[in-house]
Amino acid sequence: MPIKRLTGFVIFLSLWAGSCFAQAPLDSLQYRQAKLKIWCETAQFIYQDYKADSLLKGLNCLNWEQFRQSLRPNHLETYTFFEAVEKPAIYAGYTSFEAKLGKLVEEISKKLKASSSRRGNQARLQSVDQLQQKLSVIVAQPEVFSESIAGAADEGVTVPPGESEMQSSNVEEAKAELEEGWGWTELLQWLLIGLSLALSGWLWGQNKQLKKELNQRMQRRKQEIGSLTRQSEAQLKKKVKIPEPGLGEAEVTHLVRKEIDKIRQQQKAKQQRMVVSASKEEGSQPKPASSPVEQEKPRPAVENHQESRNGPAGLYYDKLPFKGGFHHNQLSPQLQPDSIYTIQLMSDRPEEARFWVTEDHEVQKYAMQNGLSFFEEACEYGQVEENPSRVRNLEKGQLRKKGNLWQIEKKVKVSFE
């Protein structure tokens, strides 16, 4: 999740800022002391290389100010050499302290070898190489020099007269350097820490807002589902009379039989209307029904045989096919809430029938609540859009009677909208 990744980044940034905050001033102090050590060794080398060991007594390497003052007499043009090399330009492009010290050692060695008095003397050139190796050790271990200064102060090492004040000034200079180093680094680190805290607060607020929106969406979804469920139950109660809970077995059986008798009476009335219609077409008047006994007289053998096999022509309904077709005994002459398919039996072709998806909106809505499972076996359709709300019949399907099964001979072609 993006919020978790951002949180991890904030923690890493805070730890990194804290480590840099503590390390930067110390590295800066070690860098300045190591550079002072390199120049002190270089000045000593120049005096010794020219056999002027007496000048070593005037060289003061306790701090930068004293070191510069001891070079200002410019014996053997040592101060000129220092000013020619120690320029900001030689450090351009180098970011780490180690790289800057290495560049300084390289420039010192190059400058010493460029002297006309040394170029013709192989021994003096070799001594320059030895000096370069010695200075490289200081570059690799700058902390050794800073520890030696602190150790000398702690152990009370004897120094020449006047050098105690120099050591004090060196300590004061180190403190000033430390305070100076804490200026821009402290500002940068506190800025990073502030940004980290602000980002953490923003992420926390975003996470809280997302959880709140998610809970609201879940509540709305639950309310919508509950409303749809109540509507479906109300519609089912209107179309189907559900027995009240607590009825006994005898009462339930009585209600079922009553419904069956009602359906049979409706079928008989429909058959009578069909007979009257056929009689009118032939120009003859239908015989009045004198009594219930006469109404229930059997028809000719051929008609009775046809109706016993297929039932009267007309519209019937079923929920879904089973094993490739619709079972004849499961067909209902009345539309039910789950009557997904409408089946038309034809009197002129008793072995054939047509069928299609029921056009009723509530029935289609009930069918599509379960995805496309009710349409897979009996329908042909193309690409389906997400969350369709309506089924349109493009071409009716064909059924053929085989025993008690109306087998699907041609599927219904539909489209979902």
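The values are calculated or read from the model by the stated rules, or taken from the named source; none is laboratory data. On a predicted model such as this, the values are computed, not experimentally measured, just so you know. Ideal geometry is used to build each Cβ from the backbone, glycine not excepted, and the neighbour counts take in all protein chains shown. The protein model used for the area step is the full one, side chains on, heavy atoms only, and it has no ligands, DNA or RNA in it. Shrake-Rupley method; radii C 1.70, N 1.55, O 1.52, S 1.80 Å.
Accessible surface area normalised per residue over region 41-114 is 54 Å², counting heavy atoms of protein chains with a 1.4 Å rolling probe. How far is the Cα center of region 39-70 from the Cα center of region 200-242, in Å? So the two Cα centres are separated by 86 Å.
Averaging Cα coordinates gives a centre for region 311-331 and one for region 383-417; these two points are 14 Å apart.
For region 68-76, the Karplus equation 6.51 cos²θ - 1.76 cosθ + 1.60, evaluated at θ = phi - 60°, returns couplings of 5, 5, 6, 8, 4, x, 6, 5, 6 Hz by residue, with Gly and Pro reported as x.
Would you mind telling me the share, in percent, of accessible area of region 324-417 contributed by carbon and sulfur at probe 1.4 angstrom? The partial results should precede the final answer.
Values: 2080 of 5040 Å².
Accessible surface attributable to carbon and sulfur in region 324-417 totals 41 percent.
The charge dipole of region 361-417, taken about its Cα centre with unit charges on the Cβ atoms of Lys, Arg (+1), Asp and Glu (-1) only, comes to about 420 debye.
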